[in-house]
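Below is one structure; the comments refer to it alone.
Values quoted throughout were computed directly from the atomic coordinates according to the rules given, and no laboratory measurement underlies them. Quantities reported herein were computed from a predicted structural model and do not represent experimental measurements. Here the Cβ positions follow ideal geometry from the backbone for every residue, glycine too, while neighbour counts run over all protein chains shown.
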Amino acid sequence: MRGIFLLHDSSSFLKKRLSWAHRVFPQSTMLTVNYRLRHEYTAPVSCDVVHTGFCGVSQRVMDLQIEEYKYHDGTVYNGQWNEHGHRHGIGYLAFPDTSKYWGQFEDGMFGGLGILTFQDGSRYEGEFKKGKFHGLGIFTRKDKMAFEGEFREGKIWGLGLVTFPDGSHGLPRNEGYFEGNHIIRREKCAMVVHQARITANRAKKIAA
């Protein structure tokens, strides 16, 4: 059905690697992605003590530590840490199921600008807050169906534009204000879409 952004059920995404994870895509919703990284997967700031993983070469840059850490489940983090041993700053996180995140972290969670790619081939490029899509960004499915616009707490929420795999936007055009992943009213929002694309490009530069 045009006007609905359908994704298959991916509720098992990172279930074994995140302390709390929830991805539900019922047919009546456009997009729901909620997940949070908790502190159980933190590493020591130095390589003197390693509890559950392998700590590689590290170097001090300003007040942040850059080092590679491999968790017992095969997840690998390469990036900056704060003085509390939490991922903080710029980093790269690779999961055994091939899902990956490049970008900024805040106190152990995705925060700031980044790119998150999923095992099913979908990806999000844009702003994160407390581990969730939040702000401006672009979510693209493997088949190239995409939403460009505003997100709030892991949901499409605000102004934006849906583009289908064939490059069309549906009839009537799926552009306007979305709330709870549903289009509430149709209106032109070219400026927001433009800003979402700029934000996605900024995320790519940070992740490069």
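Could you rank the peptides 185-196, 86-97 by their average count of other C-beta atoms within 10 Å per residue, with the highest value first?
Values: 185-196: 15.0, 86-97: 19.9.
Order by mean packing, descending: 86-97, 185-196.
Segment 144-182: which trypsin sites (Lys or Arg not before Pro) are DSSP loop and have at most 15 other beta-carbon atoms within 10 angstrom? Before the final figure, lay out each step's value.
Values: sites: LYS144, ARG152, LYS155, ARG173; in loops: LYS144, ARG173.
Answer in residue order: LYS144, ARG173.
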Percent of Cα pairs exceeding the 17 Å cut-off, where the set is segment 67-207
61 percent
Taking the alpha carbon gyration tensor of segment 109-174, what are the square roots of 5 times its eigenvalues, largest first, to the nearest whole Å?
21, 14, 7
Using θ = phi - 60° and the Karplus form 6.51 cos²θ - 1.76 cosθ + 1.60, what ³J(HN,Hα) does each residue of segment 92-105 get, whole Hz, x for Gly and Pro?
10, 10, 10, 9, x, 7, 6, 5, 9, 9, 10, x, 8, 10
Of GLU106, GLU83, GLU153, GLU127, how do they rank once you tally other Cβ atoms within 10 Å and put the fewest first?
GLU83, GLU153, GLU106, GLU127
